[in-house]
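A.B. asks: One structure, as structure tokens, below. Some questions next.
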Amino acid sequence: MTKRLPLIAGNWKMHKTLGEARALAREICQGVTGDLKVEVVLAPPYTALTTVAAELSGSPVKLAAQDTFWEPQGAFTGAISPLMLKDAGCRYVIVGHSERRQHFGETNQTVNLKLKAALAAGLCPIFCVGETIAERQAGQTLKVVGRQLIEGLAGLTGDTPEPLVVAYEPVWAIGTGLTATPDQTQEVHAFIRVKLPELLGAADDIRILYGGSVTPENSASLMREADIDGALVGGASLKSDSFLKIIAAAG
Ligand code: 13P
């Protein structure tokens, strides 16, 4: 039994107008009541952060952004700083998502800058790692994830000002309907669990989430694995019924 509180985060990616975001956040808050044994986080697009923050006020559900820049302010057209995210009501921020790496030139070095800036601003980063299908087929999964951890966490220690969360998201499982099996996932999670204290010192409290085609059907079996502390959910977080079922399976 893990002593870590499970965390279920919904990454809405580039979905939801303000009206849709408000409605979805409201439905999720209504479904997440009572003595919740799960931490629930919603990551809407930037435009909907303050709208969703208003909906979440008074509920235990927390707000996340999907990315951040590392500078606090300045002439960086189009960028959003950790301080602005904090100001908008965010508790968490996703950093290093594979879609940022793939489409927007994110590297382990920029991930490292973002992790440091997020922590310094009082945000909890959800730090994403994961291999491509080519890397998995070449037997490179642990090497790739290891390098992402080493370079992403360079210069950080276990006593970060805010808790860090790691999300293992195999790129080939994202949005494809191909979920890593609980065994495949547990292998990488166990590797990350061993690696974190080597890199950070004490890291027992760090939650390691799984992401990649998580659904109400597969979430319970994934959550049973010893080193899986929750899920980062994309598609199935866009509807309240499927997301609430995943939350229920984690509790
Ligand atoms: P899907 O759940 O749609 O595969 O997305 C996973 C993801 O990328 C969450 O960050």
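A.B. asks: Gain in length, THR176 to ALA79, computed as 0.36 nm per residue apart minus the alpha-carbon separation, to one decimal in nm?
C.D. replies: On the way: separation 97, 0.36 × 97 = 34.92 nm, distance 2.92 nm.
Net length gain for the segment: 32.0 nm.
A.B. asks: Compare the Cα positions of GLN73, PRO163, ALA21 along the charge dipole of the chain (+1 at Cβ of Lys, Arg; -1 at Cβ of Asp, Glu; about the Cα centre) and return the one farthest towards the positive end.
C.D. replies: Checking the options against the dipole of the chain, the answer is ALA21.
A.B. asks: Then there's this: Find out how many positive minus negative residues lie around LYS114, taking Lys and Arg as positive, Asp and Glu as negative, among other residues whose Cβ is under 15 Å from that of LYS114.
C.D. replies: Counting the neighbours of LYS114, the net charge comes to -2.
A.B. asks: First measure r as the distance between the Cβ atoms of LYS239 and ILE150, then evaluate 1/(1 + (r/R0)^6) with R0 = 30 Å and state the FRET efficiency to the nearest 0.05.
C.D. replies: My answer for the efficiency is 0.20.
A.B. asks: Which lysines, if any, have their Cα less than 28 Å from the Cα of LYS116, not counting same-chain residues under 8 positions apart?
C.D. replies: LYS116 reaches LYS3, LYS13, LYS62, LYS86, LYS143, LYS195.
A.B. asks: Separate question: What order do you get for 225-233, 149-157, 238-246 when each peptide is scored by the mean count of other beta carbon atoms within 10 Å, highest first?
C.D. replies: Per-residue Cβ counts within 10 Å, averaged per peptide and sorted highest first, yield 225-233, 238-246, 149-157.
A.B. asks: Computed from the mean reciprocal separation of all distinct C-alpha pairs, what Kirkwood hydrodynamic radius does the chain have, in Å?
C.D. replies: Kirkwood hydrodynamic radius for the chain: 17.9 Å.
A.B. asks: Along the Cα→Cβ direction, 7 angstrom out, place labels at LYS37 and LYS3. What is the inter-label distance in nm?
C.D. replies: Those two pseudo-labels are separated by 1.7 nm.
A.B. asks: Relative to the compact globular guide of 2.2 N^0.38 Å, what is the alpha carbon radius of gyration of region 1-100, as a ratio? Spell out each step's value before the answer.
C.D. replies: Working: Rg = 14.1 Å, N = 100, 2.2 N^0.38 = 12.7 Å.
In units of the 2.2 N^0.38 Å rule of thumb, it is 1.12.
A.B. asks: Taking the Cα centre as origin and putting +1 on Lys and Arg beta-carbons and -1 on Asp and Glu beta-carbons, what dipole magnitude results for region 120-206, to the nearest 20 debye?
C.D. replies: Dipole of region 120-206, to the nearest 20 debye: 240 debye.
Read-outs: derived from the displayed coordinates by stated rules, not from any lab. Remember, it's a predicted structure, so these values are computed and weren't measured experimentally. Note that each Cβ is placed from the backbone with ideal geometry, even for glycine, and that neighbours are counted across all protein chains shown.
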